[in-house]
Amino acid sequence: MSRSLPAVVRIGAIFTETQKGGATEVAFRYAIYKINRDKTLLPHTSLVYDIQYVPIDDSFHASKKACNQVKNGVYAIFGPSDPLLGAHVHSICDALDIPHLETRVDLDNDFREFSINLYPAQHLLNKAFENVMTFLNWTRVAVIYEDDYGLIKLRDLVRSPQNADLEIHLRQADPDSYRAILKEIKSKEINNIVIDTKPSNMQLFLKGILQLQMNDYKYHYIFTTFDIETFDLEDFKYNFVNMTAFRVVDTDQLYVKEILRDMARFQANQELAPINNSFIQAEAALMYDSVFVFAIGLQTLEQSHTLKLSNVSCDKEQPWDGGLSLINYINAVEFKGLTGPIEFKEGKRIHFKLDLLKLKQHALVKVGEWHPGMEVNITDRNAFFDHGSMNVTLVVTTILEQPYVMLKSSPYSQNHDRYEGFCIDLLRELASMVGFEYRIELVPDGKYGAIDLETGEWNGIVRQLMEKKADLAVGSMTINYARESVIDFTKPFMNLGISILFKVPTDKESAFFTFLDPLGFKIWLSTLGAFFMAGFTIYALAKFTPYERKKMKNRMNMSNSFWFVIGTLLRQGTGVAPQATSTRIVGGIWWFFTLIIISSYTANLAAFLTVERMITPIENAEDLAGQTEIPYGTLESGSTMTFFRDSMIETYKKMWRFMENRKPSVFVPSYEEGIKRVLEGNYAFLMESTMLDYIVQRDCNLTQIGGLLDSKGYGIATPMGSPWRDKISLAILELQEKGEIQMLYDKWWKNTGETCQRNEKGKESKANSLGVDNIGGVFVVLLCGLAFAVIIAIMEFCYNSKRSAITEKRAPNVPHQSICSEMGGELCFALRCRGSRQRPALRRQCSKCLAGTTYQSCPLDIPHHPPQPPTRTGPPTRICPSHIQEKTRTLKANAISERKYEFYRRKLKILDDALMLSANKS
């Protein structure tokens, strides 16, 4: 039976002389021993190792040792961990296609075909450190590195765009300069430090921290090494110093503990240095996992390929044919080892798990995890502010202000028992969570703090913190740019903005013409204009369209047109109705218009009669800035005053000029004084919305005008670089997530039993006059309807003129007019304002009339009473038939009433008889 793998596979390892017999070598030997003993991975193959030692920083001997191992027929080379030596050994392996397994920090981002590195990728580690610093809310940090290689390693951390606002101080140090560098950092009051030093020099660095007394709660250290558990931190446990680091080996896992115990037993049987069976160095654990990665790669290759080593040497420079297949199978390995989950991409490790460790009083404890592609997961937030008794008393400065800080009326025993309020309750919760005692002191000048632009000096609470006379400042302390540049603030515990406090306006007195209020002045004018437009349009169209002149009854003259319009508007009958299509369209559109107007007026009139109207001279900041009768001001030396002084918005600049130049001064020394001036009347106070809300709920004579002018927050102030800022910020975030800050707000703002009962009279309950924006569309509809009616009237006019011209054309013995002549005649008649009410007979000459024949015309004026039929006394005068037909057509066209039409009908019959008589004689 042929085997894909040889019975013996030789592998080489190169260690520095300082690693001889150390934990890394023990882990390498133990891994091979375990694989050969268990026979699970390679049942028919045994691994044989060749270990070589080289001086550190001696690349020549390292290359020579590697060539000797290649000559002896190794299938892979492990190590060394030194960056310089590792690069030289890899160049040999890459030239000969021999897999090279490494456990060192690799800063080369380029793809290297025959390299497998189990050390986590450095750009991912920098991301992990960045996440931790973001979680801790660091703003100033010092980075101490030992050699140039360390600076290159952390360059991504320094250049990260997310750290653009982070003040970073880079310092290179060695064992001789540790003390000087730490002293410089202490003098600059930088309390957050990232340390990247060699593990062998770590104890010297820790000694320097102790000598400079930088081992208290103010300082926070992050170590880049994975071996913080191997250092002696006994002197730091009980001083509450913050020390944080990552580890790659989770020693709490059962299988890890079993491997460490078995490795300790294996080491006891070898001539090697003893190792601790409770933890293992990261380099040793990575070496152990690298051997298993190689073994798993061999096992996978055995199932499909035959591996045979040819004569390979550095002299011939002939690559190994099977090396490419072997490195590909190793690169595809995925398994869980001592250092957690392992996965590679192009030879670099991309899958791993980091445990975040934090030093507490008893030991280093795991407080979170980090995985590539995810944010740091903090599982124990309380570890970042020790609950133990720290025996630290902080000086807290504040200002008396309802409901934040108030003096108790009852007797008190201790300092902080003298006060009560929202901020006092919040301070009590924070002290319990973070772990400190406190003593409250009032700021001497009673101001929050603003800068004097002439002298550049601060006053109030800000000055107290700048001079380190206080450790914290609680109260309604607004976070702004100017203050943030000289002191630090925690995360905001309350969000707010600037608003306007004003006295509740008096009720509006009833006016004599209140019934006109439902519609605005422009609407009344527009309605009046629409009335005249509709009346005139009906009158004009009635004269223009021939279909409105056919009958004499209910004719739409000027008076009847406006009577029809006003009757419709007032919902009354008029007895006058349009007859033509065009005038009926005007009537229909006017009915729709009046329906909307009357309905809107009626609905809004009911609101005006039932809703109480208030006189509000100002509605927002623009109204306040646009007048000078009502003075307005802010709290002196407060953030609100600073906001208006530094604002670049034109409205607020105008308000600041008014406040600055107003005499007497509109600025008040306290909120109580500002509220008093508002109650006196004719004064508006610009203040922060939370305080305004508290005052308005307790005094029904006060109200808020408009919305918020800006958006900001209240925070707890600390001196610049204070270690308490980050801890208190985390505690505030936790209180917000639990909803406890909202409960405190409800307690002091809403549940005190002092709130007044009022009927809210906001804008939503006021009845406002309807304007063009509300019902302007109905006027557009009316105009469109009138225009459409005019078009219809023109069409009627043209149609009637054409029909009359065609009728005349069909008459055989009657001369006819053109359509244009007919339309001109009709138009002239329509434009006549006075004279006969009916169209006159056409003036034509008859060519068929005989010479000497006389024509006796019939009178066309409408008589008051129908005349009796004429009696014949003699022979009739000879009449031209064409004249008789012309007269008949004219009478029919001009008949406009039923009564007169009957009279003309009888007259036409007489004319017909005369025509017949004339025909008989002829």
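The values are calculated or read from the model by the stated rules, or taken from the named source; none is laboratory data. None of the values given here were measured: they were computed from a predicted structure. Positions of Cβ are backbone-derived with ideal geometry, glycine not excepted, and every protein chain shown enters the neighbour counts.
Worth pointing out:
- Residues that are crowded, with 20+ Cβ neighbours inside 10 Å and outside any helix (DSSP H, G or I), drawn from the stretch 518-544: P518, L519
- In the stretch 318-350, the residues that are within 48 Å of the chain's Cα centre (by Cα) and surrounded by fewer than 17 Cβ atoms within 10 Å (Cβ to Cβ): N328, A332, E334, F335, K336, P341, E343, K345, E346, I350
- The condition (being at pLDDT 80 or above and within 20 Å of P664 (Cα to Cα)) is satisfied by just one residue among L624, L595: L624.
- Scan of the stretch 74-85 for residues that are modelled with pLDDT under 90 and not aliphatic (A, V, I, L, M), ordered by number: G79, S81, D82, P83
- Look at (1) more than 25 Å from V367 (Cβ to Cβ); (2) touching a strand residue (DSSP E or B) at 6+ places or on another chain (Cβ under 8 Å); (3) surrounded by 14 or more Cβ atoms within 10 Å (Cβ to Cβ); (4) among the charged types (D, E, K, R) and you find that R179 fails only one, number (2).
- Some residue of the stretch 673-688 being in contact with a helix residue (DSSP H, G or I) (Cβ under 8 Å, 6 or more places away or on another chain), of a type in the set (V, I, T) and within 14 Å of I630 (Cα to Cα): no
- Qualifying residue in the stretch 145-154 (condition: touching a strand residue (DSSP E or B) at 6+ places or on another chain (Cβ under 6 Å), over 30 Å from S729 (Cα atoms) and not assigned by TED's automatic domain parsing to the domain that holds G79): yes
- When the stretch 40-55 is limited to residues that are part of a strand (DSSP E or B) and not aromatic (F, W, Y), the one that is surrounded by the most Cβ atoms within 10 Å (Cβ to Cβ) turns out to be V54.
- Of Y329, Y404, all but one fail to be touching a residue at least 40 places away in the same chain (Cβ under 8 Å) and among the aromatic types (F, W, Y); the exception is Y404.
- Candidate set from the stretch 659-684 (those that are touching a Pro at 6+ places or on another chain (Cβ under 8 Å) and hydrophobic (A, V, I, L, M, F, W, C)); member that is nearest to V443 (Cα to Cα): V666
- Any hit, the stretch 264-275, residues being exposed (fewer than 14 other Cβ atoms within 10 Å of the Cβ), in the same structural domain as V105 (by TED's automatic domain parsing) and outside any loop (DSSP other than H, G, I, E, B): yes
- Number of residues in the stretch 693-705 that are part of a loop (DSSP other than H, G, I, E, B) and crowded, with 16+ Cβ neighbours inside 10 Å: the value is 2.
- The stretch 36-66, subset among the hydroxyl-bearing types (S, T, Y) and more than 29 Å from Q303 (Cα to Cα), residue modelled with the lowest pLDDT: S59
- Of all residues making up the stretch 461-510, the number that are part of a helix (DSSP H, G or I), closer than 19 Å to M691 by Cβ and in contact with a Ser or Thr (Cβ under 6 Å, 6 or more places away or on another chain): 1
- Residue check for F135: within 17 Å of P372 (Cα to Cα) and buried (at least 20 other Cβ atoms within 10 Å of the Cβ): no
- Residues of the stretch 55-78 that are touching a residue at least 24 places away in the same chain (Cβ under 8 Å) and over 60 Å from the mean Cα position of the chain (by Cα): K65, C67, Q69, V70, K71, N72, G73, V74.
- Any hit, the stretch 711-730, residues being in contact (Cβ under 8 Å) with a residue 40 or more places away in the chain, part of a helix (DSSP H, G or I) and either within 27 Å of D623 (Cβ to Cβ) or touching a Lys or Arg at 6+ places or on another chain (Cβ under 8 Å) (or both): yes
- Residue within the stretch 663-677 that is buried (at least 22 other Cβ atoms within 10 Å of the Cβ), under 17 Å from L709 (Cα atoms) and within 36 Å of the chain's Cα centre (by Cα) present: no
- Flag for G715 being crowded, with 17+ Cβ neighbours inside 10 Å and not hydrophobic (A, V, I, L, M, F, W, C): yes
- When residues of the stretch 617-651 are limited to those that are part of a loop (DSSP other than H, G, I, E, B) and within 31 Å of the chain's Cα centre (by Cα), the one surrounded by the most Cβ atoms within 10 Å (Cβ to Cβ): T634
- Near pairs, Cβ below 8 angstrom, 6+ apart or cross-chain, from the stretch 583-605 (in contact (Cβ under 8 Å) with a residue 60 or more places away in the chain) to any residue that is among the charged types (D, E, K, R) and buried (at least 19 other Cβ atoms within 10 Å of the Cβ): T583/E548
- Evaluating I296 against the criteria (1) touching a residue at least 40 places away in the same chain (Cβ under 8 Å); (2) surrounded by 14 or more Cβ atoms within 10 Å (Cβ to Cβ); (3) part of a loop (DSSP other than H, G, I, E, B) leaves one unmet condition, (3).
- Between E258, E229, the distinction of being assigned to a helix (DSSP H, G or I), of a type in the set (D, E), at pLDDT 90 or above and farther than 30 Å from P719 by Cα belongs to E258 only.
Listed here are the residues, each with its yes/no results for (1) farther than 27 Å from L41 by Cβ; (2) of a type in the set (D, E); (3) at pLDDT 90 or above; (4) not assigned by TED's automatic domain parsing to the domain that holds T24.
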residue	(1), (2), (3), (4)
I280	no, no, no, no
V291	no, no, yes, no
T306	no, no, no, no
C314	yes, no, no, no
D321	no, yes, no, no
I327	no, no, yes, no
E334	no, yes, yes, no
L359	yes, no, no, yes
L364	yes, no, no, yes
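- Among the residues of the stretch 417-442, just one is surrounded by fewer than 18 Cβ atoms within 10 Å (Cβ to Cβ), in a helix (DSSP H, G or I) and touching a strand residue (DSSP E or B) at 6+ places or on another chain (Cβ under 8 Å), namely R418.
- Which numbered condition S722 misses (of (1) crowded, with 19+ Cβ neighbours inside 10 Å; (2) within 17 Å of T478 (Cα to Cα); (3) not assigned by TED's automatic domain parsing to the domain that holds R662): (2)
- On inspection, T690 passes the criterion of being surrounded by 14 or more Cβ atoms within 10 Å (Cβ to Cβ), outside the structural domain of P444 (by TED's automatic domain parsing) and in a helix (DSSP H, G or I).
- Residues that are touching a Gly at 6+ places or on another chain (Cβ under 8 Å) and over 30 Å from Y799 (Cβ atoms), drawn from the stretch 567-597: G567, G573
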